[in-house]
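Enquirer: Got a structure for you, written out below as structure tokens; questions coming shortly.
The values are calculated or read from the model by the stated rules, or taken from the named source; none is laboratory data. Just so it is clear, the model here is predicted, and its values are computed rather than measured. Quick reminder, even Gly has a Cβ in these numbers, built from the backbone with ideal geometry, and neighbours come from all protein chains shown.
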Amino acid sequence: MRAHSPFFWVFIFLLWSDALAIDGNQTGVASTITSSSLGLNEGRFVAPRKGQQNGLAADVIHPVDLEKSEERNSIGQSLSNRFRMWNWYRKGESPRQVFHNHQVEGTGHIDFKRAVLLMKYVHYARRRKVPFDDVAVADMWAERISPEILVPLFHKFRSVNGLKDSADNMQKHLHSRFPDETSEPLIATWLITNESPEFVFKMLSVGEKIDNIDKIENACWFLKYVFQYNRKQKKEGDKFSSDEITQLFAQNKPLLEKARSLVDTNKTN
């Protein structure tokens, strides 16, 4: 029988990884492995007692071996994802087609790994001159998922290597398009991750020289955020001062005065 080339086995491996790793649901393999199930306790190796017959004594897994296994799984999934993106691109599938062909939302949850893969494909396609900017991506998501659910998803994309700028652009666009639905969820999400007031000021586009009702509302939301942010800070020096607020509004002081007249921080929750 003719021997297969190394490339053949690489291709088979990628297909196998694709089937097992892409959605995190491995058939026949436990999706979550706890330290207790492996005889591990707080990251330290725990040897089984003499005569222990729990199925682990004969084949104990060392933490170092577990780390290597996890590293191999990570590499396998990365290769699998790259292969899937290459295959989508080879077949001429646009980011929009891929998005609509691969559901990420379930009942009460979003498959974050799959969502990240779709975002990675957007960037993969862009590098190959496929026009699809962050505004179009945000609008695509909003066609299927409600804005208040997209808020924490888009913000979580900031933690993924290579997606931070897109995440910020998408949050800004989502808020500009759905201010009523996203203002409060955004403030709550940013408070959880303790984002700086400067970041929030930028994301709400408060610094732009536009004195209209939208900017007044955004300025009010910014002041509410600063109030709640300061309440979280344990050290006085970590709080955002009134002078720092004034400096941010240096180009639009009337907007700050108007917002302050509308926001009673003593009653802000």
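Enquirer: Taking the conditions exactly as written (at pLDDT 90 or above and more than 21 Å from residue 204 (Cβ to Cβ)), does residue 161 satisfy them or not?
Expert: yes
Enquirer: What are the pairs, 6+ residues apart or on separate chains, where a residue within the range 173-187 that is in contact (Cβ under 8 Å) with a residue 12 or more places away in the chain and crowded, with 19+ Cβ neighbours inside 10 Å has its Cβ under 7 Å from a residue that is assigned to a helix (DSSP H, G or I) and basic (Lys, Arg)?
Expert: Between residues of the range 173-187 that are in contact (Cβ under 8 Å) with a residue 12 or more places away in the chain and crowded, with 19+ Cβ neighbours inside 10 Å and residues that are assigned to a helix (DSSP H, G or I) and basic (Lys, Arg), the close pairs are 187/224.
Enquirer: Turning to a different aspect of this structure: Select from the range 130-148 the residues that are outside any loop (DSSP other than H, G, I, E, B) and small (Gly, Ala, Ser) and write down the one among them that is surrounded by the most Cβ atoms within 10 Å (Cβ to Cβ).
Expert: 138
Enquirer: Turning to a different aspect of this structure: Go through 135, 104 for me and flag whichever is touching a strand residue (DSSP E or B) at 6+ places or on another chain (Cβ under 9 Å) and among the aliphatic types (A, V, I, L, M).
Expert: 104
Enquirer: So, in the range 80-129, how many residues would count as being surrounded by 14 or more Cβ atoms within 10 Å (Cβ to Cβ), of a type in the set (S, T, N, Q) and not in a loop (DSSP other than H, G, I, E, B)?
Expert: 2
Enquirer: Let me ask something additional. Looking only at the range 150-165, which residues are exposed (fewer than 15 other Cβ atoms within 10 Å of the Cβ) and either in contact with a strand residue (DSSP E or B) (Cβ under 9 Å, 6 or more places away or on another chain) or more than 24 Å from residue 94 (Cβ to Cβ) (or both)?
Expert: Correct list: 159 only.
Enquirer: Can you report the number of residues in the range 237-260 which are farther than 18 Å from residue 217 by Cβ and either in a helix (DSSP H, G or I) or aromatic (Phe, Trp, Tyr) (or both)?
Expert: Here the count works out to 8.
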